[in-house]
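The values are calculated or read from the model by the stated rules, or taken from the named source; none is laboratory data. From a predicted model like this one, the values you see are computed outputs, not experimental measurements. All Cβ positions, even for glycine, are placed from backbone atoms using ideal geometry, and neighbour counts span all protein chains on display. Side chains are part of the model used for accessible areas, which takes the heavy atoms of the whole protein and leaves out ligands, DNA and RNA. Shrake-Rupley method; radii C 1.70, N 1.55, O 1.52, S 1.80 Å.
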Amino acid sequence: MLIYTIAEIAKIVKGKLIQNQPGNVKYLLTDSRLVASPSDTLFFALVSKRRNGHDFIQELYKKGVCNFVVSELPESFDKYPLANFVLVPDTLVALQQLCTFHRRKFHYPVVGITGSNGKTIVKEWIFQVLEGAKRMVRSPKSYNSQIGVPLSVWLLDTDYDLAVIEAGISQKGEMEKLHEIIVPEVGIFTNIGPAHQENFSSYDEKIDEKLKLFRNCKILIYCKDQQEIDKRIKADADLKNTRLFTWSQKEKADLSIKSINTGDTFTEIKAVFEGEVVDITIPFTDKGSIENAINVWAFALYFRLQNNFIREKMKVLAPVAMRLEMKHGINHCTIINDSYNSDLISLGIALDFLNQQRQHVKHTLILSDILQSGREERELYAEVSELLRMKKISRFIGIGKALSKNQDLFKMDKEFFEDTHEFLLHFANDHFKDEAILLKGSRSFEFERISHVLEQKAHRTALEINLNAMVHNLNYFRSKLKPETKMTVMVKAFSYGSGSYEIANMLQYQRVDYLAVAFADEGISLRDAGITVPILVMNPEVTSYDLMIDYKLEPQIYGFTAIKEFNEAVVRKGLDSFPIHVKLDTGMHRLGFMEEEIDKLIESLKLAKNVHVQSIFSHLAGADEEKHDEFTRSQIACFDRMSSKIMKAFDYTIIRHILNSAGIERFPEAQFDMVRLGIGIYGISAVDQTKVRNVSTLRSTISQIKTVPGGETVGYGRKGKTTRDTKIAIVPIGYADGLNRKLSNGVGKFLVNGKFAPLIGNICMDLCMIDITGIEAEEGDDVIVFGETYTITDVASLLGTIPYEILTGVSSRVKRVYYQE
């Protein structure tokens, strides 16, 4: 691994080096939460609309990081006697400059991949096909942004024969910067689609922007059947000297596809290449996988690999798990399955996710040998050992011959097995209890077998929670706020049915300012699970006051008796002061102090000398509907009057907040000091549903399929009547799982293999029946109750209710599966 001195880096990025202490750099860091090896890490203090990396320098210095690239210097160098600061005008530009310089040190082929879909899968399948033929370094996961690309290029080292880097863009001007960093010799353009189209005037404009990645490439691989891409490539003057390697099902090409025959679980593809008939078989049948596989095939043929070798590799292509999954495990364990690949970068990412799981004190890693690293074995596993030490892993289980051979490097509670089979032979249920377990294995180790024995067995209905979508929604609502505006996120009612500590862990990691729960016991559960962020209790009960104080839970106060009684509880605990949140009634007429009570409220608060007012807030009654806008504005004005009068009576700062999710979008001028994000983070927008992402998918499976003759009935009460021979599927979800019984008898419908299947007959407690006549389906196929295309809002509209009711109604017996892409 190449090592740079801090002085060299200052020169490369044209920065001013301040405090020239000895310092070598191996790792780059842009997220302060992900520090692994502080002594040889360089932190770039990136600045965005919502985050300023300079705010985290002191925290990182305490962790041992001493090298920083900054655009503003700290106020006092006395706090950082061992630190180096490289001062630059723009830290992102400096990151890109450093990695551009690093890229120029290597002369083996670098492949650049772009397109609307398939980039990561094509990259990972190239890695699988080249195993044994080339030593390849590649972008971790989908690191393809203005930050991700330079961090990917930094991984280039002398131990490899080839690099494959993804590049993704969302607006004009971005690809030119990525081209300068990657400088690909070979290009692959996967396809073009609607992703990020809102920032381009046309498909042609988006294609032209993406083509900037391939400027001066020696070779460009693409499907010429995609006419828009083919046309723009041939019109691009920057590609006039680029060799175009094409494939097509319709016309003559370098790789002319002659037939695609799909079976139940595989697809056979025949083609002509250089005058000879060649063929491959892939273990996939969907259109996207076929397209991705042909791109990989074309790439391998261009690299002059023998088709016999390619055929054998393509036959066993493994699915690319684009997501890390978290499930409930045996004996109160949490299982994190990220076992589609194993390399140092993705291991670090997965370990950071493991460390978010504060509900367990004990953290266990089950890791396979890391294959095709290009690194000397002893050096590689010494680095893995140091990473585990830094991440405070409690127990390490290594699986594979290389790890077993180097087990002396690991100074912790440890076990080693030659292979997965040996591990399973020695597996015992009571060996794992109340711990978070990360599975990280190369695909050949078949860690899905380990996941199966560790996972808590439950029926096949599951509510899947997309944590990436939740973070996207959080950031969307943050983008509506001023940088100084704080945010409370509502996690009451089991996080609107989505989970408890699982969601709170993620929000704490995302540095929200407050969490809000309905009752004290919810807050106590979060504290027991390791949540340290401030927690607001919306419905505190007098019997829980002492516990709230013990667990540092801050109450909503909405009555005069509560002020007196909570103050007395604080006195009993021997505390001088404890924060409270005062609720004002501005027109919702639920809880809170009325405007005519403000003078009495101020007097009562002044008498309660052992509490201090942390915030004043109110609720909007109709912020999501335009017809109530005049009333909403009157509520905001009333809140401003009432809260201003209270604040003038006290000589300390008090936070004010009134906006909910809809209010953040529709009344940003009233954000005051803080907002409360509720249903918005779960994927519901009051303004533009395209701006938020679906978070929750309720999924089940087909247990049985049967044909019921016409003229018969289905289900209890004989309510489902067949008018023809009807193919029905029985699905293991019922009203005990939260499926509303009013969806019975054709009111509701599920998605089966992309087609709607209406419910037939009455919904039972544990089962329901759907009519799948005319739908290709088999027992075991997925059934979507609601999700990405058929949304929770769609289901709510059928019932004349709101998404809140549907989401919170999903029973706790339905297992939750959390995933991160």
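Per residue, what volume in Å³ does the Cα convex hull of region 247-345 take up?
Working: hull volume 13.7 nm³, N = 99.
For region 247-345, the hull spanned by Cα atoms encloses 138 Å³ per residue.
Order of 4-12, 391-399, 159-167 by packing, highest average Cβ count within 10 Å first? Mind showing how you got there, number by number?
Details: 4-12: 18.2, 391-399: 19.8, 159-167: 22.7.
Top of the packing list down: 159-167, 391-399, 4-12.
Quick one: pull the percent of accessible area on region 448-563 belonging to carbon and sulfur, 1.4 Å probe, ligands and nucleic acids left out.
Working: 2220 of 4190 Å².
Taking all protein chains in place, region 448-563 shows 53 percent carbon and sulfur surface.
Just going by the charge dipole of the chain, with Lys and Arg at +1 and Asp and Glu at -1 on Cβ, which of F189, Y790, T722 is farthest out on the positive end?
Value: F189.
With both bridge residues required to lie in the chain, what share of the DSSP beta bridges run antiparallel, to the nearest 5%? Intermediate values should be presented prior to the final figure.
Numbers: 53 of 134 bridges.
Percent antiparallel among DSSP bridges in the chain is about 40.
In square nanometres, what is the average projected area of the Cα convex hull of region 595-748? Can you show the working numbers first?
Values: hull surface 62.1 nm².
Seen from a random direction, the Cα hull of region 595-748 projects 15.5 nm² on average.
Enter the mean projected area of the convex hull around the alpha-carbon atoms of region 410-545, in nm², rounded to one decimal. Numbers along the way, then the final one.
On the way: hull surface 51.9 nm².
The directionally averaged projection comes out at 13.0 nm².
Please list, or write none, the aspartates and glutamates whose alpha carbon is within less than 15 Å of the alpha carbon of K719, excluding same-chain residues fewer than 8 places away.
D771
Looking at region 620-773, send over the antiparallel percent of its DSSP beta bridges, to the nearest 5. It would help to have the intermediate numbers written out before the result.
Working: 16 of 17 bridges.
In region 620-773, DSSP labels about 95 percent of beta bridges as antiparallel.
Given points 7 Å out from each Cα along the Cα-Cβ axis, report the K240 to R104 separation in nanometres with one decimal.
2.7 nm
Once the cut-off is 18 Å, how many percent of the Cα-Cα pairs in region 162-215 end up in the long-distance tail?
Taking all Cα-Cα pairs of region 162-215, the fraction more than 18 Å apart is 27 percent.
How big is the chain along each principal axis, measuring the range of its Cα positions in Å and listing the largest first?
For the chain, the Cα spread along each principal axis is 92, 87, 60 Å.
Radius of gyration and Dmax for region 103-242's Cα atoms, expressed in Å?
14.2, 44
Quick check for me: using +1 on Lys/Arg Cβ and -1 on Asp/Glu Cβ, what's the dipole size of region 677-821 about its Cα centre, in debye to the nearest 20?
On the way: 16 positive and 15 negative charges, 85 e Å.
Here the size comes out at about 400 debye.
On a straight-distance basis, which aspartates and glutamates could pair with K287 in a cross-link, Cα separation under 13 angstrom, same-chain partners fewer than 8 positions away excluded?
Candidates past the 8-residue exclusion: E268.
Counting only DSSP beta bridges with both residues in region 302-448, what percent are antiparallel, rounded to the nearest 5? If you can, show how the numbers build up before the last one.
Details: 4 of 24 bridges.
Here the antiparallel bridges make up roughly 15 percent for region 302-448.
In terms of the Cα gyration tensor, with a ≥ b ≥ c the square roots of its eigenvalues, is region 6-104 rounded because a/c is under 1.5, prolate because a/b exceeds b/c, or oblate? Don't jump to the answer; show the numbers that get you there.
Numbers: a/c = 1.29, a/b = 1.16, b/c = 1.11.
Verdict is rounded for region 6-104.
Stretch H332-E805 to full length: gain in nm at 0.36 nm per residue minus the Cα-Cα span? The partial results should precede the final answer.
Working: separation 473, 0.36 × 473 = 170.28 nm, distance 2.84 nm.
Stretched out fully, the H332 to E805 stretch lengthens by 167.4 nm.
If the cut-off is 28 Å between C-alpha atoms, which lysines fall inside it for K721, apart from same-chain ones fewer than 8 positions away?
Of all the lysines, those that pass the test against K721 - Cα under 28 Å, at least 8 places apart if same chain - are K706, K742, K749, K755.
Please work out how many pairs of lysine residues in region 548-639 are eight or more positions apart (or on different chains) and have Cα atoms closer than 29 angstrom.
Final tally of qualifying lysine pairs is 20.
Which translational diffusion coefficient, to the nearest whole µm²/s, is obtained for region 461-606 from the Stokes-Einstein equation, given a Kirkwood hydrodynamic radius over C-alpha pairs, 20 °C and 1.002 mPa s? Could the numbers behind the result be given before it?
Details: Rh = 16.7 Å.
Estimated diffusion coefficient is 128 µm²/s.
Order the peptides 629-636, 775-782, 521-528 from the highest to the lowest mean number of other Cβ atoms within 10 Å of their residues. It would help to have the intermediate numbers written out before the result.
Details: 629-636: 17.1, 775-782: 13.5, 521-528: 19.9.
Highest to lowest by the protection proxy: 521-528, 629-636, 775-782.
Using 1/(1 + (r/R0)^6) with R0 = 56 angstrom and r between the beta carbons of R511 and M765, what's the FRET efficiency to the nearest 0.05?
On the way: r = 43 Å, r/R0 = 0.76.
The computed FRET efficiency comes out at 0.85.
Taking R0 as 45 Å, what FRET efficiency do you get between R813 and S76 from their Cβ-Cβ distance, rounded to the nearest 0.05? Display every interim value, and only then the final one.
Values: r = 56 Å, r/R0 = 1.25.
Given R0 = 45 Å and the Cβ-Cβ separation, E is 0.20.
Arrange the peptides 92-99, 109-116, 344-351 so that the one whose residues have, on average, the most other Cβ atoms within 10 Å appears first.
Working: 92-99: 22.0, 109-116: 23.9, 344-351: 20.0.
Result, highest mean first: 109-116, 92-99, 344-351.
Here is the link list: K49/K691; K177/K240; K727/K815; K123/K177; K250/K270. Which ones come out longer than 23 Å on Cα distance? Intermediate results must be reported in sequence, preceding the final value.
Working: K49/K691 18 Å; K177/K240 21 Å; K727/K815 28 Å; K123/K177 21 Å; K250/K270 13 Å.
As for pairs spanning more than 23 Å Cα to Cα, those are K727/K815.
Can you tell me the length gained on complete extension of the stretch A402 to N24, counting 0.36 nm per residue apart and subtracting the Cα distance? List each step's numbers first, then the result.
Working: separation 378, 0.36 × 378 = 136.08 nm, distance 2.90 nm.
Value of the extension gain: 133.2 nm.
If each of D40 and M390 carries a label point 7 Å out from its Cα toward its Cβ, how far apart are those two points in nm?
With each label point 7 Å from Cα toward Cβ, the separation is 1.0 nm.
Okay, which of region 638-656 sit inside 20 Å, backbone N to the point 7 Å along the Cα-Cβ direction of D599?
638-650
Could you tell me the distance between the Cα centroids of region 506-573 and region 194-263, to the nearest Å?
Result: 58 Å between the Cα centres.
Taking the Cα atoms of region 164-251, report the difference between the largest and smallest coordinate on each principal axis, in whole Å and largest first.
33, 26, 24
Could you give the spread of the C-alpha atoms of region 329-431 along their three principal axes, from largest to smallest, in whole angstroms?
39, 30, 26
Measuring from label point to label point, each 7 Å out along Cα→Cβ, what is the V361 to D629 span in nm?
Rounded to a tenth, the inter-label distance reads 5.6 nm.
Where nothing but the Cβ of Lys and Arg (+1) and of Asp and Glu (-1) is charged, how large is the charge dipole of the chain around its Cα centre, in debye to the nearest 20? Mind showing how you got there, number by number?
Numbers: 102 positive and 106 negative charges, 123 e Å.
The dipole magnitude comes to about 600 debye.
Can you give the charge dipole size of region 1-66 about its Cα centre, rounded to the nearest 20 debye, using +1 on the beta carbon of Lys and Arg and -1 on the beta carbon of Asp and Glu? Provide the component values of the computation, followed by the final result.
Working: 10 positive and 5 negative charges, 48 e Å.
Roughly 240 debye for region 1-66.
Over the Cα atoms of region 733-819, Rg to Rh with Kirkwood Rh, two decimal places? Each step should come with its number before you reach the end.
On the way: Rg = 12.6 Å, Rh = 13.4 Å.
So for region 733-819, dividing Rg by the Kirkwood Rh gives 0.94.
Quick one: length gained pulling K691 to K62 fully straight, 0.36 nm per residue minus the C-alpha distance? Numbers along the way, then the final one.
Working: separation 629, 0.36 × 629 = 226.44 nm, distance 3.83 nm.
Additional length available on full extension: 222.6 nm.
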